[in-house]
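Beneath this line is the structure, given in structure tokens, with notes to follow.
Where a number appears in this text, it was derived from the coordinates with a stated rule and is not lab data. Small disclaimer: the values here were computed from a predicted structure and weren't measured. Virtual Cβ from ideal backbone geometry, glycine too; neighbours counted across all protein chains shown.
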Amino acid sequence: MTLSPAQLAGRLLMVDIAGERLEADEAEFLRRHHIGAVCLFRRNVGDFDTTCRLLSQLRELLGPTGLVAIDQEGGAVMRTLFMPEAPSAMALGAADDEALAYRIGEAVGRGLAALGINWNLAPVLDLNCNPHNPVIAERSFGADPERAARLAGAWLDGHLAAGVATCVKHFPGHGDTQVDSHLTLPVVDKPREALERYELAPFRLLSGRTPGLMSAHIVFPAFDPVHPATLAPALLDELLRQQWGYQGVVITDGMNMKAIHDRYGQAEGTVLALAAGADLSLVLQYRDEMAASHAAIVAAIEQGRLDPQRLLESARRLDQLATRFPLGGAAYPSAAQEADRALMAEGWRRGLTAYRQPPRLPVGSRLRLVVQAEAASDGVSEAGLKPARLIELLQPHYQLDVVSFARREALDWAGLPHDGVFTVLASTTRARYGERERQSWRPDLHLALWNPYAAADLDAPALVSYGFAPPALAAVVDWLSGRLDASGRAPAPLTEAAEPA
């Protein structure tokens, strides 16, 4: 393989685009900088037909070694809302069925293959060891490393069988953080032995099966006291490559996240990540910073900061990934889509979990629904549940009295009518409840429709769905009206840290 520094730099960058079609100026930018990989987000995937047209444009521009990636984890991280909506990882953890996890992973891959996408930045291997984690929660398969790896591995194998690459994340583990690396730089200060026994275990178990792995912007002092894992040779080169013998592609998490962006910038962060052993830098959001990152790689090669032979190894890995999983659409007939929708609904239903013996309400009864009016995205997930969706499902079964509030601090629970009406609180955001709500909010039933750990915040029985996709809500209504039992078991304790001593 012979590549100029400029061509090599472009091969080692993954960037994003603005909308549902590739504009002429974007195409020119990608060509000029020899970019070989693009990441899609919610804004890029309006419906099936427009997404297929976008993929056709990208396939023509990127060529046979092009990579187009997306975050399609399931649950609240499901970019293509027009496709069958997959259960979250924690819902599958609650169902604890490898065959089901395989079928769900295969169906997710089948949908992406139909669009022409060849790389899914999933599944999540972070463990649910910290109930106060602000960004993982239902995205994890659970707390036990072997069980999580078993279920994630089944999901991964099904996905690969559908012809779309996977990418486990966030190496070496984002589970035990109390801050979000999108917003600041987390530190997980544990002994190396503890990390290897717990956080690292799922990654080690699946490292020989996944063609892709994403690094975390988290400092692990046991390996590197200064640099986050994305920039740490001790993790990406010494542990992952040399000790574990990992042969797949290592991609960084988004370099626009504040953990990197505010400390290094995307350009210098990219150089440091490639020097540490990453193969592909995910440079997002700002086109000038994409150009600067490209220029920084070229300059680092010319200055001797980056070894071109080592970078050629990364380029070869990327080419091998694209050759194994080529861009291109596959047939997805309506019958297959309907079958996959039924499968996804089965996954949501089997994950449904009862907490503190929640009561049900006979059909036809009065029901007071307390719900937040708007639930914004947390920056990673899709926007939360709009009350109208839940109201529409409940109205045929109950006499509804809806109480909506703009912000939690605006709701005075004591001010609700004391009339004996069965009161249901629906939690539709990722945020946990504070001391004020813990002390005073007393619903007859708490529907924890997003963050499962919210169920433990209030002194009330709860039903945990691990997500708010339409089939998850349908399962909740079926349980509430007595047509479905909640057979799931939470794959992590909801009230305390889960990591074994």
Dipole magnitude (debye, nearest 20) for the chain, charges at Cβ of Lys, Arg, Asp, Glu: 500
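Taking 0.36 nm per intervening residue step and subtracting the Cα-Cα distance, what contour gain separates Ala373 from Glu302 on full extension? Display every interim value, and only then the final one.
Details: separation 71, 0.36 × 71 = 25.56 nm, distance 5.50 nm.
Full-extension gain reported as 20.1 nm.
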Project the alpha carbons of the chain onto their principal axes and report the range along each, largest first, in whole Å. 76, 51, 41
Can you compute 3J(HN,Hα) from phi for each residue in the stretch 148-153, using the Karplus curve 6.51 cos²θ - 1.76 cosθ + 1.60 with θ = phi - 60°, rounded to whole Hz and x for Gly and Pro? 4, 5, 5, 6, 4, x
Within the chain, what percent of beta bridges assigned by DSSP are antiparallel, to the nearest 5? 15
Scan around Leu13 for amide H atoms under 5 Å from its own, H built in the peptide plane at 1.01 Å from N, and keep only partners 5 or more places away or cross-chain. Gly36, Ser281
So if I place +1 on the C-beta of Lys and Arg and -1 on the C-beta of Asp and Glu, and nothing else carries charge, what would the dipole magnitude of the stretch 353-480 be about its Cα centre? I want it in debye, nearest 20. 100
The stretch 5-324 - percent relative contact order, Cα under 8 Å, separation 6 or more: 17
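Can you give the FRET efficiency to the nearest 0.05 for Leu81 and Thr2, using r as the Cβ-Cβ distance and R₀ = 30 Å?
Numbers: r = 43 Å, r/R0 = 1.44.
With a Förster radius of 30 Å, E is 0.10.
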Taking the alpha-carbon distance from Lys169 and a cut-off under 22 Å, which lysines remain once sequence neighbours fewer than 8 residues away in the same chain are dropped? Lys190, Lys258
Counting only the backbone N, which residues of the stretch 60-82 are under 14 Å from the spot 7 Å out from the Cα of Thr323 toward its beta-carbon? 64-66
